[in-house]
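The values are calculated or read from the model by the stated rules, or taken from the named source; none is laboratory data. Predicted model only: the values in this text are computed from it and were never measured. FYI the Cβ positions are ideal-geometry reconstructions off the backbone, even for glycines, and counts take in every protein chain you see.
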Amino acid sequence: MKLKALIRSLIVIFLFGFFGIGALTINYLIFPIGGLFQKKENKKLFYSNVIHKTWKFFTDMMVKTNTIKITLANEQVLKNISGKIIVANHPSFIDIVILIGLLPKTVCIAKREIKKNVFMGNIVKSLYLINDEDKQDLLKESAEILNQGFNIVIFPTGTRTQEGETLKLHKGAAMMALHTKTDIVPIFIKTDKKFLAKNQKIYEASDCEIEYKITVNETIKIEDFAKQDLTEIQLRNRINADIKEKISS
């Protein structure tokens, strides 16, 4: 391994060690103790602000150490997103960290097993939506969260994608959008080199800075589909096809 790549690997390992310590602190101290001083109706906003600020801090650390560079297309649109469903492709492990660091008042869909994760369990139970629990409960909770002005981030592929593969999308985002009558903001994430990808080790950090180019594409307006004389299944399929097109480039 070249010296420069070795140094970058050590930096990435340090950063993720720092991230883990931060997650433990939030999980076992900040959320449980801070939550005691919040009114019930303010707790989700408190939890969301903590995650937004700490994940933004972590992202900034990655940028300042020249581990990554973030280039935003349509940055102003990104800053003004509120009460929307955000869908994105998922090329790397830190996509959700970057997006929530950029977007205040944002939550995401998490897998049930993460509730048992020593680093993230309490964070997930306190703030996020679980995608493999009762579907109707999930839709009801999503509607409440969106009505409060929170954004919900969904990776429709359900797992990290690999360059060149055809995207296979679940229809949860389309179903949620139809149920809650909420517009969808599609985001395309592209890295100039493979980094924190599926089946790639954390320490495989390349020998130079990784650029994340984040593009906010045209909003998918649900009312445009609602006007069409289609069954619910057909509507979901049409919306899903639009999502696939707009998170592929």
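For the reader, a short list of remarks on this structure follows.
- Test: residue in segment 29-39 that is of a type in the set (Lys, Arg) and either within 26 Å of Gln162 (Cβ to Cβ) or surrounded by 15 or more Cβ atoms within 10 Å (Cβ to Cβ) (or both): no
- For segment 14-32, the count of residues that are outside any helix (DSSP H, G or I) and either of a type in the set (A, V, I, L, M) or in contact with a strand residue (DSSP E or B) (Cβ under 6 Å, 6 or more places away or on another chain) (or both) is zero.
- Candidate set: segment 168-191, residues that are of a type in the set (Lys, Arg) and farther than 17 Å from Gly149 by Cα; chosen: the one modelled with the highest pLDDT: Lys190
- For segment 96-129, filtered to residues that are part of a helix (DSSP H, G or I) and among the basic types (Lys, Arg), the residue that is farthest from Ile152 (Cα to Cα) is Lys116.
- From Thr59, Thr71, residue being within 20 Å of Lys190 (Cα to Cα) and either assigned to a strand (DSSP E or B) or touching a Pro at 6+ places or on another chain (Cβ under 7 Å) (or both): Thr71
- The numbered conditions (1) outside any loop (DSSP other than H, G, I, E, B); (2) polar (S, T, N, Q); (3) surrounded by 19 or more Cβ atoms within 10 Å (Cβ to Cβ) are all true for Asn237 except (3).
- Only residues that are closer than 13 Å to Ala241 by Cα, in contact (Cβ under 8 Å) with a residue 40 or more places away in the chain and not basic (Lys, Arg) were counted in segment 158-171, giving 2.
- Residue selected from segment 12-28 under the condition hydrophobic (A, V, I, L, M, F, W, C) and touching a helix residue (DSSP H, G or I) at 6+ places or on another chain (Cβ under 9 Å), by the criterion surrounded by the most Cβ atoms within 10 Å (Cβ to Cβ): Val12
- In segment 173-183 there is no residue matching the filter, namely being polar (S, T, N, Q) and either assigned to a strand (DSSP E or B) or surrounded by fewer than 14 Cβ atoms within 10 Å (Cβ to Cβ) (or both).
- Residues being small (Gly, Ala, Ser) and either under 19 Å from His170 (Cβ atoms) or assigned to a strand (DSSP E or B) (or both) - total across segment 74-95: 1
- All positions within segment 140-157 that are buried (at least 17 other Cβ atoms within 10 Å of the Cβ) and either within 20 Å of Asn80 (Cα to Cα) or without any contact (Cβ under 8 Å) to a residue 60 or more places away in the chain (or both): Ser142, Ile145, Leu146, Phe150, Asn151, Ile152, Val153, Ile154
- Scope segment 177-232; condition among the hydroxyl-bearing types (Ser, Thr, Tyr) and farther than 29 Å from Phe14 by Cβ; matching residues: Thr180, Thr182, Thr215, Thr219, Thr231
- Here the condition is being surrounded by fewer than 17 Cβ atoms within 10 Å (Cβ to Cβ), within 17 Å of the chain's Cα centre (by Cα) and among the polar types (S, T, N, Q); of Asn49, Asn74, it holds for Asn49 alone.
- Meets criteria (hydrophobic (A, V, I, L, M, F, W, C), crowded, with 22+ Cβ neighbours inside 10 Å and modelled with pLDDT of 95 or more) for Val97: no
- Single residue of segment 213-234 satisfying the filter (within 20 Å of the chain's Cα centre (by Cα) and assigned to a loop (DSSP other than H, G, I, E, B)) that is nearest to Lys190 (Cα to Cα): Asn217
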